[in-house]
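Student: Before we start, here is the structure in question, set down as structure tokens.
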Amino acid sequence: MINDGKKQRNIFYFISDAHLGPDLPYPSHRETILLDFFRQIRNNADQLFIIGDLFDFWIEYRHVIRSDYFNVLCALARLVQDGIKIHYIAGNHDFALGPFLTDHIGIRVHRDFLAITRNEKHIYLTHGDGLIDADKGYRLLKIFLRNPILQKSYRLLHPSMGIGMASFFSKLSRRQEVSKGPKFGHQAYRKAAWALAGQGYDVVIMGHTHRPEIIHRHGKIYCNTGDWIKSFTYASLESDTLRLWRYRQGRAPVEIAPIILTQ
């Protein structure tokens, strides 16, 4: 069906943590679900914010793009062609973002965080890695991994070798994250979010924990967008109302009720 009317683009969407690429012990059709979500938002999205780890590991070669990312990259390109602004905030798995996403697709890349204002509400967007006290060692590793000279040296490896090594270390990182479950306790990230809110932000949105939740506290909001591995969750901002949803392919999404804190 062709819609001849003008598209009403007024909603901001926020997603994170699809970790596309590896064979995970989760639904094999998760990429299909994500592509369906992209099709559904084409008519009303004004901006899409990818808050890290869309890909399980991103290595950008000058003449090589991973074939298993092709469908998603094409879908993102179509959204940009439709007039939707896409922002990509680097995560801890896709930190080596080069010029390809910007030059060839039109995505605006942000290395660490993004601060925006909508309807006089100040919003802070970050993947969430390196924010909590338990991440002291990781913060040092992050400086090393994001060194442009080291990244350029890594790309000298043949793509088959470079991608293979990256996949190995990505799986190793995931096993360590699972074994250190308490490090990713939601209370630590809530504490980090309220600290950011104390710096003058009305809303803090992050990913990383794979735990979807939206919390209201003293007029401030912390939202974690969850993941597209098990939860299939996303946030939407329409006018000045931020809501968290669970996407269901072929059915209406289900809203996740906010948590109201009084202390």
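Student: Taking the stretch 205-252 on its own, how many of its residues are of a type in the set (Lys, Arg) and closer than 24 Å to Asn10 by Cβ?
Tutor: Number satisfying all stated conditions: 5.
Student: While we're here: Here is a list of conditions, (1) surrounded by 14 or more Cβ atoms within 10 Å (Cβ to Cβ); (2) at pLDDT 95 or above, and Thr209 meets all of them except one; can you say which number that is?
Tutor: Looking at each condition in turn, Thr209 falls short on (2).
Student: I'd like the residue in the stretch 246-263 that is of a type in the set (A, V, I, L, M, F, W, C) and in contact with a strand residue (DSSP E or B) (Cβ under 6 Å, 6 or more places away or on another chain) and, out of all such residues, is surrounded by the most Cβ atoms within 10 Å (Cβ to Cβ).
Tutor: Taking the candidates together, the pick is Ile256.
Student: Just one of (1) assigned to a loop (DSSP other than H, G, I, E, B); (2) in contact (Cβ under 8 Å) with a residue 60 or more places away in the chain trips up Ser231, so point out which.
Tutor: Among (1) assigned to a loop (DSSP other than H, G, I, E, B); (2) in contact (Cβ under 8 Å) with a residue 60 or more places away in the chain, the lone unmet condition for Ser231 is (2).
Student: When you go through (1) surrounded by 14 or more Cβ atoms within 10 Å (Cβ to Cβ); (2) in contact with a helix residue (DSSP H, G or I) (Cβ under 8 Å, 6 or more places away or on another chain) one by one for Asp133, which number turns out not to apply?
Tutor: Answer for Asp133: the failing condition is (1).
Student: Taking the condition modelled with pLDDT of 85 or more, assigned to a loop (DSSP other than H, G, I, E, B) and under 25 Å from Pro253 (Cβ atoms), does Arg42 pass?
Tutor: The answer is yes for Arg42.
Student: Pairs needed: first member in the stretch 63-83, assigned to a loop (DSSP other than H, G, I, E, B); second member anywhere, aromatic (Phe, Trp, Tyr) and modelled with pLDDT under 95; C-beta distance under 8 Å; at least 6 residues apart or different chains.
Tutor: So the pair list comes out as Ile65/Phe100.
Student: So which pairs qualify, if the first residue must be in the stretch 98-117 and of a type in the set (D, E, K, R), the second must be assigned to a strand (DSSP E or B) and surrounded by fewer than 17 Cβ atoms within 10 Å (Cβ to Cβ), the Cβ gap must be under 9 Å, and the two must be at least 6 apart or on different chains?
Tutor: So the pair list comes out as Arg108/Lys85.
The values are calculated or read from the model by the stated rules, or taken from the named source; none is laboratory data. Fair warning: this is a prediction, and the values are worked out from it, not measured in the lab. Virtual Cβ from ideal backbone geometry, glycine too; neighbours counted across all protein chains shown.
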